[in-house]
Amino acid sequence: MKAVVFHDVGDIRLEDVREPAMQAETDAIVRLTSSAICGTDLHMVRGTMCGMKPGTVLGHEGVGIVEEIGKGVRNLRIGERVVIASTIACGYCSYCRSGYYAQCDNANPNGKSAGTAFFGGPKDTGSFNGLQAEYARIPFANVGLLKLPREVEDDEAILISDIFPTGYFGADIAGIKPGDTVAIWGCGPVGQFAIASALLMDAGRVLAIDQHPSRLDMAQAQGAETINFEEEDPTQMIQQMTGGIGVDRAIDCVGVDAQRPHSGPAAKEANAKAGEYKKEVSEIAKETNPKDGNWVPGDAPSQVLQWAVKSLAKAGTLSIIGVYPMTAKTFPIGMAMNKNLTINMGNCNHRKYIPKLVRMVRNGTVRPSLVLTQKEPVTDAIEAYKAFDKREAGWIKVELVPKNAMSRV
Ligand SMILES: [Zn+2]
Ligand SMILES: [Zn+2]
């Protein structure tokens with residue numbers, strides 16, 4: 001089968017690989033009808049999330065049809081359409097039972113304390129083959145696969161695999177109350193869903209910050225008030241827009257590959273810190289391999305955290321869902337402590353939110369596909385990765401359609 005395979009930092013290839021086989025009674029094999037590229041995939045190709053095993057199939061977003069199921073999977077049948085939760089969870093440990101699926105005790109073969117298990121990730125996450133492929137093995141399929149009603153089409157469902165739940169999780173742990181003013185840092189795909197989710201939770205105002213006009217346009221179309229950090233100083237602007245108070249909640253939807261401003265009034269301060277940021281990058285990404293403008297790590301890993309903490313009102317809440325690797329260590333602890341901030345963060349507990357989001361799409365409350373800007377055959381995956389990595393105008397979210405479902409493209 002065709003799949004996107006990680007070879008090295010800066011080296012991913014579309015290749016023919018062996019189809020996956022069942023390994024446990026609780027497994028299922030899914031034939032994918034839709035997959036997607038996530039910003040998290042880029043962290044691995046850029047080298048800002050290291051430890052990938054060469055040969056791992058990338059991708060952690062998928063929708064498909066159940067092809068094979070083990071005896072231990074009693075809630076699914078062959079032929080059913082399903083959405084796949086990005087993170088893998090057993091469903092029976094105490095963490096899963098209380099909704100912390102991303103902290104499952106049993107899903108990660110490296111042990112209870114190894115961290116979140118997910119498809120297509122580094123060794124630490126279990127080295128599970130990912131979903132940018134024609135078929136995938138899904139462990140604990142009774143928990144990780146959710147049946148899709150007919151009305152929820154692939155273009156909607158693919159966004160419920162990872163990024164919509166992640167945005168929703170970010171808004172949930174930010175503790176948004178009706179009327180709150182919420183800052184969303186980063187208007188990539190997860191940022192767009194954090195905006196949508198904040199509005200679903202009746203945020204009074206949503207301020208959205210990014211530097212890419214096409215992303216800001218999409219944020220504004222959803223109802224956010226936008227700030228371009230290469231044209232204005234975002235923390236000053238937030239103070240001005242909030243009567244000098246700051247925002248009640250802030251959500252970091254960027255993570256380790258944050259970029260600092262290179263133009264506009266905020267560039268001066270960021271330039272002055274260039275040395276510090278460079279040191280952060282070198283500590284985080286031991287190996288990088290930029291090529292022709294692709295796979296370049298962000299040049300200011302802690303930039304968003306600095307801005308987010310600075311722009312929060314006293315006693316506000318910071319929610320961090322942007323991905324940071326274990327090697328990231330810079331956080332403005334003093335400023336946060338002295339403002340009595342609450343900080344919630346982590347990997348999304350996908351399985352906790354997916355059933356609810358499927359219902360919301362089915363009843364027409366939300367249309368996640370509005371965030372989908374490209375639909376490419378998986379055979380063009382590498383080109384699509386490059387365009388998404390360069391944050392080319394209009395490239396917000398890319399759906400990949402496997403060869404066997406190509407007639408839909
Ligand atoms: Zn993702
Ligand atoms: Zn578990």
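The values are calculated or read from the model by the stated rules, or taken from the named source; none is laboratory data. This is a predicted model, so every value here is computed, not measured. Glycine also receives a Cβ, built like all others from the backbone with ideal geometry; neighbour counts cover every protein chain displayed. When the accessible area is computed, the model is the full protein with side chains, heavy atoms only, and any ligands, DNA or RNA have been set aside. Shrake-Rupley method; radii C 1.70, N 1.55, O 1.52, S 1.80 Å.
Using the Cα gyration tensor of segment 319-409, with a ≥ b ≥ c the square roots of its eigenvalues, what is the shape: rounded (a/c below 1.5), prolate (a/b larger than b/c) or oblate (neither)?
Cα axes put segment 319-409 in the oblate bin.
ARG97 versus MET326, label points 7 Å from Cα toward the beta carbon: distance in nm?
Each label point is offset 7 Å from its Cα along the Cβ direction, giving 2.8 nm.
Decide, for the chain, between rounded, prolate and oblate: order the square roots of the alpha carbon gyration tensor eigenvalues as a ≥ b ≥ c, take rounded if a/c falls under 1.5, and otherwise choose prolate if a/b is larger than b/c, else oblate.
prolate
How about LYS286: which lysines have a C-alpha closer than 22 Å to its C-alpha, ignoring those fewer than 8 places off in the same chain?
Partners within reach: LYS53, LYS123, LYS273, LYS278, LYS329, LYS386, LYS390.
Contact order normalised by length for the chain, with contacts defined as Cα pairs under 8 Å and 6 or more residues apart; what percent is it?
19 percent
Ordered by packing density, taken as the mean number of other Cβ atoms within 10 Å over each peptide's residues, highest first, how do 26-32, 10-16, 84-90 rank?
For the peptides 26-32, 10-16, 84-90, the packing ranking is 84-90, 26-32, 10-16.
ARG367 to LYS268: extension gain in nm, 0.36 nm per residue of separation minus the Cα-Cα distance?
Gain in length upon complete extension: 31.7 nm.
Of the heavy-atom accessible surface of segment 265-409 (probe 1.4 angstrom), what whole percent is carbon and sulfur?
Answer for segment 265-409: carbon and sulfur cover 53 percent of the accessible area.
Measuring from label point to label point, each 7 Å out along Cα→Cβ, what is the MET22 to ASP8 span in nm?
About 3.9 nm, to one decimal.
Please report the equivalent ellipsoid semi-axes of segment 191-301, computed as sqrt(5 x eigenvalue) of the Cα gyration tensor, largest first, in whole Å.
Its equivalent ellipsoid spans semi-axes of 27, 17, 13 Å.
Between rounded, prolate and oblate, where does segment 224-269 land on the alpha carbon gyration tensor, with a ≥ b ≥ c its root eigenvalues, rounded for a/c under 1.5, else prolate if a/b exceeds b/c?
Verdict is oblate for segment 224-269.
Mind ranking 261-269, 165-173, 391-399 by how tightly packed they are, going by the mean number of other C-beta atoms within 10 angstrom, highest first?
Averaged packing, sorted descending, gives the order 165-173, 391-399, 261-269.
Can you order the peptides 225-231, 100-106 by their average number of other Cβ atoms within 10 Å per residue, highest first?
The densest-packed peptide leads the list: 100-106, 225-231.
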